[in-house]
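To start, the structure under review is shown below, and the notes come after it.
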Amino acid sequence: MKQIISTELAPKAIGPYSQAVAWNGLVYLSGQIPLDPTTGQLVEGGITEQTVRVLGNLKAVLEAAGSDLSHVLKTTVFLKDMAEFAAMNEVYGRYFSHNPPARATVEAARLPRDVRVEIECVAAVKAES
């Protein structure tokens, strides 16, 4: 059965979509942008600070879905400027240092709220122990 996932620890959806949807042992996370979940405002700073916030938001949604970063199977990273790939990748590597997921990274002409980075992912739900 399809389960809608929502948490106050990540930014609310800003359109007709869910933060995540769980189905058949997998959780599909909508793209996260660097919004502070408390204020709803963009975080200050460059690609490094924005990537940290995006991954923090993804982590919060994953936890609400009964998963975590170690169960992520695939990510898609959207960058405003591919010249910022190395800086984004350095931060990303801190979050996925062991058995990293599959990934695609693309440069997008424009992202919501003109952010520098957006990341979506698919993860397995942790098995209950």
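None of the figures in this text is laboratory data; all of them are computed from the coordinates on show. No experiment lies behind these values; they were computed from the predicted model shown. Cβ placement follows ideal geometry from the backbone for every residue including glycine, while neighbour counts extend to all protein chains displayed.
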Tell me which lysines have Cα within less than 20 Å of residue 12's Cα, excluding those fewer than 8 residues away on the same chain?
2, 59
Helix 85-95 sits off the longest principal axis of the Cα atoms of the chain, rounded to the nearest 10 on a 0 to 90 degree scale, by 30 degrees
Out of 37, 112, 101, any idea which swings most in a Gaussian network model of the chain, alpha carbons joined below 10 Å?
112
If the only charges are +1 at each Lys and Arg Cβ and -1 at each Asp and Glu Cβ, what is the size of the charge dipole of the chain around the Cα centre, to the nearest 20 debye?
280 debye
Measure nothing but the geometry: give the 0 to 90° angle between the long axis through the Cα atoms of 47-64 and the longest principal axis through the Cα atoms of the chain, rounded to 10°.
10 degrees
Taking only the alpha carbons of the stretch 29-129, the radius of gyration and the largest Cα-Cα distance, Dmax, both in angstrom, are 13.1, 44
Restricting attention to the stretch 1-53, which trypsin sites (Lys or Arg not before Pro) occupy a DSSP loop and are surrounded by at most 13 other Cβ atoms within 10 Å?
2, 12
Nearby aspartates and glutamates by direct alpha-carbon distance to residue 126 (threshold 13 angstrom, same-chain neighbours under 8 apart not counted)
63, 68
Ordered by number, the chymotrypsin sites (Phe, Trp or Tyr not before Pro) in the stretch 1-80 that occupy a DSSP loop and have at most 16 other Cβ atoms within 10 Å are 17
Within the chain, what's the longest run with no GluC sites (Glu not before Pro) in a DSSP loop and at most 12 other beta-carbon atoms within 10 Å? Give the range, please.
45-127
Ascending count of other beta-carbon atoms within 10 Å, so fewest first, for 88, 1
1, 88
